[in-house]
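Participant: Quick one: the structure is below, questions incoming.
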Amino acid sequence: MTGPAPRSARVVHSGPTGTIPPGPAGLPRPQWLDDVAERVPSVDAHWFSRFQPPEEGGRESAVLMLFGPPPAGEEAQGEHVVLIERSHTMRTQPAQIAFPGGSRDPEDDDSVHTALREAEEETGIDPGGVDVVDVLPSLYLPPANFVVAPVLGWWAAPAPLSVRDPAEVHEVLSVPISHLVHPETRFTVTHPSGFVGPAFQLDHLLLWGFTAGLLSRVLELAGLSVEWDEARRRPLPEIYLRDRR
């Protein structure tokens, strides 16, 4: 029987006022990221999400799916991904775990510019240290009317991570892929609305919804997924049901 994820493969938290130290710079981009970029054109956009952008309308936005080496001092090997915990006081999706990102500004050149700018504003990522691998098909978030472009990146020159805008971000997370793919980390979450989807346990936090679905698909496309029990279901905790719109 598979045991719990190894303690060495821990989720690293910045906390509201702390900092996650950067890992080594100049490491080669892992082959699996290139494999994802190569396979994306052969995958229908509906495979990533059943919610597809409308023919007209929708607020353009982008998120940064940034993978990189472990933070300094971490024992576990293998890549990490950068996530944020949204502020608990936000009117929409408070306390949700998400990729850094946000709405496109008029001065943004494209979705890559949007994703990098937002990530810098939220977590302190230096856009110059990010090697952009690919832009995945845009997906739709119906509740917020967002058309979201996921930007896939490799952190070639990591920088310290910390909360830059407390009004939007509660803390920054650096999550090992080895933790995400461990079968004991994964389960299916159920929402009172009838929504059912993949989820990941991140210590006391829960990754679910749009971000969990997209991350699950990318790990699968990369060939990194490990079989897990999709029949194991848990109801969504109350903290994630406090959308005040």
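Participant: State in Å² the accessible area per residue of the chain; use a 1.4 Å probe, count heavy atoms of protein chains only, and round to the nearest integer.
Facilitator: I get 46 Å² per residue for this part.
Participant: Here's something else I'd like to know. Roll a 1.4 angstrom probe over the protein heavy atoms and tell me the percent of accessible area of the chain that is carbon or sulfur.
Facilitator: Result for the chain: 51 percent of the exposed heavy-atom area is carbon or sulfur.
Participant: Here's a follow-up. Could you tell me the distance between the Cα centroids of segment 155-227 and segment 23-38, to the nearest Å?
Facilitator: Each part reduced to its Cα centre gives a spacing of 19 Å.
Participant: For segment 38-46, what does the Karplus curve 6.51 cos²θ - 1.76 cosθ + 1.60, with θ = phi - 60°, yield as ³J(HN,Hα) per residue in whole Hz, taken in order and with x for Gly and Pro?
Facilitator: Listing the rounded values in order: 5, 8, 3, x, 8, 10, 5, 4, 5 Hz.
Participant: For a quick check of your reading of the filter: which chymotrypsin sites (Phe, Trp or Tyr not before Pro) in segment 80-161 sit in a DSSP loop and have no more than 16 other Cβ atoms within 10 Å?
Facilitator: The qualifying sites: there are none.
Participant: On to the next question. With contacts defined as alpha carbon pairs under 8 Å and 6 or more residues apart, what's the relative contact order of segment 48-159 in percent?
Facilitator: That works out to 35 percent.
Participant: Looking at the chain only, what percent of DSSP beta bridges run antiparallel? Nearest 5 please.
Facilitator: Taking every DSSP beta bridge with both residues in the chain, the antiparallel ones total about 75 percent.
Participant: Give the accessible area for D165 in Å² (nearest 10); use a 1.4 Å probe, count only protein heavy atoms, and leave out ligands, DNA and RNA.
Facilitator: Accessible surface of D165 is approximately 50 Å².
Participant: Now for a separate question. Take the alpha carbon gyration tensor of the chain, find the square roots of its eigenvalues, order them as a ≥ b ≥ c, and report rounded if a/c is under 1.5; if not, report prolate when a/b exceeds b/c, else oblate.
Facilitator: Note, shape of the chain comes out rounded.
Participant: Give, as a single signed number, the net charge of other residues whose beta carbon lies under 12 Å from the beta carbon of W47, with Lys and Arg counted +1 and Asp and Glu -1.
Facilitator: Neighbourhood net charge equals +1.
Participant: A further question follows. Can you list the trypsin sites (Lys or Arg not before Pro) in segment 62-149 that are in a DSSP coil and have 13 or fewer other beta carbons within 10 angstrom?
Facilitator: Answer in residue order: R91.
Participant: Then there is this: If you take every DSSP beta bridge fully contained in segment 47-174, what fraction is antiparallel? Give it as a percent rounded to 5.
Facilitator: In segment 47-174, DSSP labels about 70 percent of beta bridges as antiparallel.
Participant: While we're looking at this one, here's another question. Quick check for you: which residues of segment 222-236 have the amide N under 17 Å from the point 7 Å beyond the Cα of R50 toward its beta carbon?
Facilitator: 231
Participant: A further question on this structure: Modelled label-to-label distance, A157 and V196, 7 Å Cα→beta-carbon offset: nm?
Facilitator: In this crude label model, A157 to V196 measures out at 4.8 nm.
Participant: Convert each backbone phi in segment 227-232 into a coupling constant with the Karplus relation 6.51 cos²θ - 1.76 cosθ + 1.60 (shift: θ = phi - 60°), then list the ³J(HN,Hα) values in order as whole Hz, x for Gly and Pro.
Facilitator: Computed from phi, the couplings for segment 227-232 are 4, 9, 7, 5, 7, 6 Hz.
Participant: Along segment 193-202, what does the Karplus equation 6.51 cos²θ - 1.76 cosθ + 1.60 (θ = phi - 60°) give for ³J(HN,Hα), rounded to whole Hz, x for Gly and Pro?
Facilitator: Using θ = phi - 60°, the values come out as 6, x, 4, 10, x, x, 9, 10, 8, 10 Hz.
Participant: Now for a separate question. Full extension from D165 to D110: what is 0.36 nm times the residue separation minus their Cα-Cα distance, to one decimal in nm?
Facilitator: Gain on extension, D165 to D110, equals 17.5 nm.
Participant: Taking H placed 1.01 Å from N in the peptide plane, check which residues at least 5 places from M90 or on another chain put their amide H under 5 Å from its amide H.
Facilitator: A95
Participant: Please identify the GluC sites (Glu not before Pro) of segment 32-114 that satisfy two criteria: DSSP loop assignment and at most 13 other Cβ atoms within 10 Å. Which are they?
Facilitator: E55, E56, E75, E107
Participant: Work out how much length A72 to S42 would gain on full extension: take 0.36 nm times their residue separation and subtract the Cα-Cα distance, in nm to one decimal.
Facilitator: 7.1 nm
Participant: Suppose only helical runs count, i.e. DSSP H with n ≥ 4. What mean residue ellipticity at 222 nm does that imply for the chain under -39500 (n - 2.57) per run, divided by all residues and rounded to the nearest 500 deg cm²/dmol?
Facilitator: Result for the chain, helices only: -5000 deg cm²/dmol.
The values are calculated or read from the model by the stated rules, or taken from the named source; none is laboratory data. No experiment lies behind these values; they were computed from the predicted model shown. Quick reminder, even Gly has a Cβ in these numbers, built from the backbone with ideal geometry, and neighbours come from all protein chains shown. What goes into the accessible areas is simple: the full protein's heavy atoms, side chains included, and nothing from ligands, DNA or RNA. Shrake-Rupley method; radii C 1.70, N 1.55, O 1.52, S 1.80 Å.
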